[in-house]
Amino acid sequence: MKRVAIIGGGISGLAAAFHLEKARAAGADLSYALFESSKRLGGSMHSSRVEGCLVEAGPDSFLTEKPWALTLCKELGIDDQLIGSNDAQRKTYIVVKGRLIAMPDGLMFMVPTKLVPTALTPLFSWGTKVRMACELLHPPRPMEDDETVCELVERHFGAEVVDRLADPLLSGVYGGDANKLSARAVLPRFVEMEEKYGSLSRAMIAAHNKMRAMAGKQPPRPLFSSLKDGMQQMVDAVTARLDQSSFRMSTRVRGTYHENDRWRIAMDMGGSEAFDAVIVATPANVAGALLEGVDRDLADDLLGITYSSSVTLTLGYHMDQLKHLPPGFGFLVPRSEGRRMLACTFVHNKFPHRAPAHKGILRCFLGGARDEAVLNLTDDEIIDTVRAELKEIVKLDARPMFDRVYRWRGAMAQYESGHIARIARIEKRVKEIPGLELAGNAYHGIGVPDCIREGTNAANAVAQTVSAAATPQAR
Ligand SMILES: Cc1cc2nc3c(=O)[nH]c(=O)nc-3n(C[C@H](O)[C@H](O)[C@H](O)COP(=O)(O)OP(=O)(O)OC[C@H]3O[C@@H](n4cnc5c(N)ncnc54)[C@H](O)[C@@H]3O)c2cc1C
């Protein structure tokens, strides 16, 4: 029997374990062991109930458009637990000079597609609006260098759009800095659109019309999906399907060694286990450290992927305390506002099932690539900072019923300029090392569905190689 080690029990490692378990159930002669340094599985996916409200410590949902999380939920038999975001309430605000301004109708990610709302919005100056109109005339252009998001967006729409949209949106998704993130890695669709159409607005309108025609009369799908009892439900459902004897909990892996086509996994607590293949599903910088003795160049490339940290603070209120809050999903705070909060989600509007009718939940994000120091504040300092900013921005002075602070140190990979070339080098090296696969949010997408796809692909590749090695005559 072939043995596979999976290092890291976040959703990437769990998705890998689930697919190895499926292969095993289908007759593959393999077993697996899942090494997780903490006491719990799920990594940054963690939900809990506080006073009847659902509190998400990390991700609260995933993009419906990316199919891999939905597919996993179906395979796990929990698709009846899926919920969609309440898109009828989808309105997001940007803080401009301390005031909330709604993002205009027709803005797709950061690209304007409707003339009248764009012309009327107070979100942009007249200079920017004229620039947006002229953008429709941009000729097609191949991207030669690996531009940053900031450079690409500024070329099309100007610096104000970088400040008020691109930077806050990317802070929300990556905890990242638009000045450093690679356009090709983070916004590949924009790069393709520019190559084909020139104008991003024209390309977005064409894509939108095509999607509407394809969808026909079907009702639009919600932008975000989640689970009734939170993202933890996915973690629990996967865990229940795995071989329980495979878990090596509270077991930090210290190093991996590749000798005579076998892998030795050394543990922090001492001792080691031997395997035929290994899936490293930790953050890339940990993967780099673990693979230092196996391949120096690979390790250097992995160690070169930087990470940002973040803090989420969930505040629970009685609904009557929130009556002055505007409708919508929440707001984003541009860096130029000089505040610590990056974003605030009105959870009870985005997913009404997550709070009883008389309660409301605000989830605030801090940190990101430019404010690592926020992690060193005490919980009380974080809560006081956020409450003071909420008071100034949305006039919310009430004392919350409860608060929960979560710190995520080095959790979000940053796809900086050069990312695509770096990943190509990493993948080339990995292919040359028998029995090694990588999975996680550092490579081809940061979101939960991307991580599930990565874990699935890693498991399928390993299952294929170990079964091919076991039955050479079948080839
Ligand atoms: C605050 C926050 C909000 C987010 N919001 C969303 C969202 O709304 N939607 C979305 O799609 N995505 C979101 N993301 C991104 C997404 O949640 C992550 O990219 C994804 O969960 C990462 O999963 P992973 O398994 O690759 O890594 P992780 O969850 O980081 O898991 C890695 C695991 O490896 C373990 N480990 C590390 N080193 C070792 C070692 N040496 N030995 C053994 N084990 C080790 C860790 O303990 C951890 O459990 C969010 C992320 C954060 C932090």
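Of everything in the stretch 58-84, what is aliphatic (A, V, I, L, M), assigned to a strand (DSSP E or B) and within 14 Å of the chain's Cα centre (by Cα)? Give them in sequence order.
If we filter the stretch 58-84 for residues that are aliphatic (A, V, I, L, M), which is where we start, we get 63, 69-70, 72, 76, 78, 82-83.
Pick out the ones that are also assigned to a strand (DSSP E or B) and you get 63, 82-83.
If the condition is that a residue be aliphatic (A, V, I, L, M), assigned to a strand (DSSP E or B) and within 14 Å of the chain's Cα centre (by Cα), then 63 is the only one that fits.
Out of the residues in the stretch 280-323 that are of a type in the set (Gly, Ala, Ser) and in contact with a Leu (Cβ under 6 Å, 6 or more places away or on another chain), state the one that is farthest from the ligand (Cβ to nearest atom).
Residues of the stretch 280-323 of a type in the set (Gly, Ala, Ser): 281, 284, 287-289, 293, 299, 304, 308-310, 316.
Keeping just the survivors that are in contact with a Leu (Cβ under 6 Å, 6 or more places away or on another chain) gives 284, 287-288, 299, 309.
Numbers: 284: 9, 287: 9, 288: 11, 299: 14, 309: 8 Å.
Ranking the candidates gives 299 first.
Are there helices (runs of 4 or more DSSP H) fully within the stretch 131-213 with at least 2 residues that are farther than 16 Å from residue 106 by Cβ and among the hydroxyl-bearing types (Ser, Thr, Tyr)? List them.
The qualifying helices (runs of 4 or more DSSP H) are 167-174.
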Could you tell me whether residue 440 is within 12 Å of the ligand (Cβ to nearest atom), at pLDDT 95 or above and at positive phi?
yes
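Could you please let me know if residue 297 is under 21 Å from residue 438 (Cβ atoms) and either touching a Pro at 6+ places or on another chain (Cβ under 8 Å) or not in a loop (DSSP other than H, G, I, E, B) (or both)?
yes
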Restricting the stretch 6-34 to residues that are assigned to a strand (DSSP E or B) and surrounded by fewer than 24 Cβ atoms within 10 Å (Cβ to Cβ), the one farthest from the ligand (Cβ to nearest atom) turns out to be 30
So which of 458, 442, 468, 424 is within 25 Å of residue 6 (Cβ to Cβ), in a helix (DSSP H, G or I), open to solvent by less than 20 Å² (accessible area, probe 1.4 Å) and small (Gly, Ala, Ser)?
458
Would you pick out the residues in the stretch 84-100 that are surrounded by fewer than 18 Cβ atoms within 10 Å (Cβ to Cβ), within 16 Å of the ligand (Cβ to nearest atom) and of a type outside the set (Lys, Arg)?
84, 86, 87
Confirm whether residue 386 is surrounded by 14 or more Cβ atoms within 10 Å (Cβ to Cβ), on the phi < 0 side of the Ramachandran plot, in contact with a Gly (Cβ under 6 Å, 6 or more places away or on another chain) and assigned to a helix (DSSP H, G or I).
no
The stretch 36-57, residues that are open to solvent by 10 Å² or more (accessible area, probe 1.4 Å), in a loop (DSSP other than H, G, I, E, B) and under 22 Å from residue 364 (Cα atoms):
43, 44, 46, 51, 52
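The values are calculated or read from the model by the stated rules, or taken from the named source; none is laboratory data. Source: prediction; values computed, not measured. Cβ: placed from backbone, ideal geometry, glycine included. Neighbour counts: every protein chain shown. Heavy atoms of the whole protein, side chains included, go into the accessibility calculation; ligands, DNA and RNA do not. Shrake-Rupley method; radii C 1.70, N 1.55, O 1.52, S 1.80 Å.
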